[in-house]
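Mind looking over this structure? Questions follow.
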Amino acid sequence: MTEIINSPWLAAGIGVLLCAAGVYHLHRNVYEEGRTLFAPTMTIIAGVVLIAIGSAKYFNLF
């Protein structure tokens, strides 16, 4: 797990994949009645957090 946090490109890449997966699941669930949108939204937020961590590590902000 520490390799993900130490490598900015890996963290940002995984974040992009999580965002894409979240958008796919959100798009799939929004048209089906009775499906919750909580999990896809949390997946997108997790992806954005990983992209932010990767960007901050790349620009040496922390």
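Just need a number here: residues in segment 21-38 that are within 29 Å of Ser55 (Cβ to Cβ) and loosely packed, with under 13 Cβ neighbours inside 10 Å.
Initially, segment 21-38 is screened for residues within 29 Å of Ser55 (Cβ to Cβ), giving 21-30, 37-38.
Of the ones still in play, those that are also loosely packed, with under 13 Cβ neighbours inside 10 Å are 24, 27-28, 30, 37-38.
Of the residues in segment 21-38, 6 are within 29 Å of Ser55 (Cβ to Cβ) and loosely packed, with under 13 Cβ neighbours inside 10 Å.
In segment 1-24, which residues are of a type outside the set (A, V, I, L, M, F, W, C) and modelled with pLDDT under 95? Walk me through how you get there before you give the answer.
Looking only at segment 1-24, we keep the residues that are of a type outside the set (A, V, I, L, M, F, W, C), and these are 2-3, 6-8, 13, 15, 22, 24.
Within segment 1-24, Thr2, Glu3, Asn6, Ser7, Pro8 meet the criteria.
Another question about this same structure. Taking Pro8 as meeting all but one of (1) touching a residue at least 40 places away in the same chain (Cβ under 8 Å); (2) surrounded by fewer than 15 Cβ atoms within 10 Å (Cβ to Cβ), write down the number of the exception.
(2)
Keeping to segment 13-62, report how many residues are of a type in the set (Val, Ile, Thr) and not in a helix (DSSP H, G or I). Give the derivation first.
Quick first cut of segment 13-62, residues of a type in the set (Val, Ile, Thr) only: 14, 16, 23, 30, 36, 41, 43-45, 48-49, 51, 53.
Next, only the ones that are not in a helix (DSSP H, G or I) stay: 36.
Qualifying residue count, segment 13-62: 1.
The values are calculated or read from the model by the stated rules, or taken from the named source; none is laboratory data. In this text, all values refer to a predicted model and were calculated from it rather than measured experimentally. Neighbour counts are summed over all protein chains in view; Cβ atoms, including those assigned to glycine, are modelled from backbone coordinates with ideal geometry.
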